[in-house]
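The values are calculated or read from the model by the stated rules, or taken from the named source; none is laboratory data. If you're wondering where the values come from, they're calculated on a predicted model, not measured in any experiment. Every residue, glycine as well, gets a Cβ built from its backbone with ideal geometry; the counts of neighbours run over all protein chains shown.
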Amino acid sequence: MADTFNAPRTVIMSKIKKGKPQLESLPDVPMYSYPGDKHDSFKQNLVSFDGGFEEFASREEAISFLNTKLDKTKKIFSSVTDYDGTIHLSDFKTPHDAHVVDICVTEGIVGVAETGSVWLTNKSLQLAAAALLSTDMFVLLDKSKIEGSMHEAYAAINLRETTYGAFYTGPSATADIEAVHITGAQGEISLTVLLY
């Protein structure tokens, strides 16, 4: 009786094995670079996507800027160790609780000159929802971590070491409704990269 039930499965599996295409090796993709100065291109492309930047001689100066610039009466979530926010990871029971975050301060892992993007992950953010639900984002980025092209950026990151990662390119925006450009359509209204 068991053979009667397994027979269709056996037939189907044998047909799948026979019909399996021969595996082809993936082509070698050249490492495309991006022309011009990486730092200038990063800043220009970031601004072209409504992002902003501030430049500092050191990380300490960037942290000092945050201490003087950010309004501590707001709900500030910080995932960096050298800047303390006003709300902490332990204050969130679920990611949905991050809807109260006004400002998210985090660490950029890799910058991309070609697009003005910054690679962020669940490790650098600690709580991705805080970045997605905040009104304003401040991203610390070491200038030496700016790559020229997207090809070079993907070579510099390891997609397997985190469960979430995204290239953030300026604040949330849309232009598909009557071709009107709207910044902050479904996410943060501003994204500022603090280059040091």
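Residue-by-condition table, conditions (1) aliphatic (A, V, I, L, M); (2) more than 30 Å from residue 30 (Cα to Cα):
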position	(1), (2)
68	no, yes
80	yes, yes
108	no, no
121	no, no
144	no, no
Do we find that residue 113 is of a type outside the set (S, T, N, Q), in contact with a Cys (Cβ under 6 Å, 6 or more places away or on another chain) and within 23 Å of residue 169 (Cα to Cα) in this structure?
no
Residue pairs qualifying under the 8 Å Cβ cut-off, at least six apart or on distinct chains, with the first in the range 155-179 being free of Cβ contacts under 8 Å to residues at least 60 places away in the same chain and the second being loosely packed, with under 11 Cβ neighbours inside 10 Å, are 165/159; 172/186; 174/186
Some residue of the range 14-31 being part of a loop (DSSP other than H, G, I, E, B), at pLDDT below 95 and surrounded by 10 or more Cβ atoms within 10 Å (Cβ to Cβ):
yes
Is at least one residue of the range 92-104 more than 26 Å from residue 43 (Cβ to Cβ) and among the hydroxyl-bearing types (Ser, Thr, Tyr)?
yes
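Which of the residues belonging to the range 101-115 are outside any strand (DSSP E or B) and either crowded, with 24+ Cβ neighbours inside 10 Å or at pLDDT below 95 (or both)? Spell out how you get there, then give the answer.
Going through the range 101-115, the residues outside any strand (DSSP E or B) turn out to be 101-102, 108-109, 113-115.
Within the range 101-115, 101, 113 qualify.
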Condition set assigned to a loop (DSSP other than H, G, I, E, B) and in contact with a helix residue (DSSP H, G or I) (Cβ under 6 Å, 6 or more places away or on another chain), scope the range 67-86, selection farthest from residue 109 (Cα to Cα): answer is 75
Select from the range 48-91 the residues that are at pLDDT 95 or above, surrounded by 14 or more Cβ atoms within 10 Å (Cβ to Cβ) and among the hydrophobic types (A, V, I, L, M, F, W, C) and list them in ascending order.
53, 56, 62, 63, 65, 66, 70, 76, 77, 80, 87
Of all residues in the range 167-183, which are in contact with a Ser or Thr (Cβ under 9 Å, 6 or more places away or on another chain) and either hydrophobic (A, V, I, L, M, F, W, C) or crowded, with 16+ Cβ neighbours inside 10 Å (or both)?
167, 168, 169, 170, 171, 172, 173, 180, 182, 183
If you take the residues in the range 32-42 that are in contact with a Ser or Thr (Cβ under 7 Å, 6 or more places away or on another chain) and within 18 Å of residue 118 (Cα to Cα), which one is surrounded by the most Cβ atoms within 10 Å (Cβ to Cβ)?
34
Check the range 129-147 and report whether any residue there is crowded, with 22+ Cβ neighbours inside 10 Å, assigned to a loop (DSSP other than H, G, I, E, B) and out of contact with any Phe, Trp or Tyr (no Cβ under 6 Å at 6 or more places or on another chain).
yes
Scan the range 150-166 and give yes if some residue there is part of a strand (DSSP E or B) and surrounded by fewer than 18 Cβ atoms within 10 Å (Cβ to Cβ), otherwise no.
yes
Could you list, in sequence order, the residues of the range 92-151 that are among the β-branched types (Val, Ile, Thr), in contact with a Leu (Cβ under 9 Å, 6 or more places away or on another chain) and farther than 18 Å from residue 79 by Cβ?
115, 146
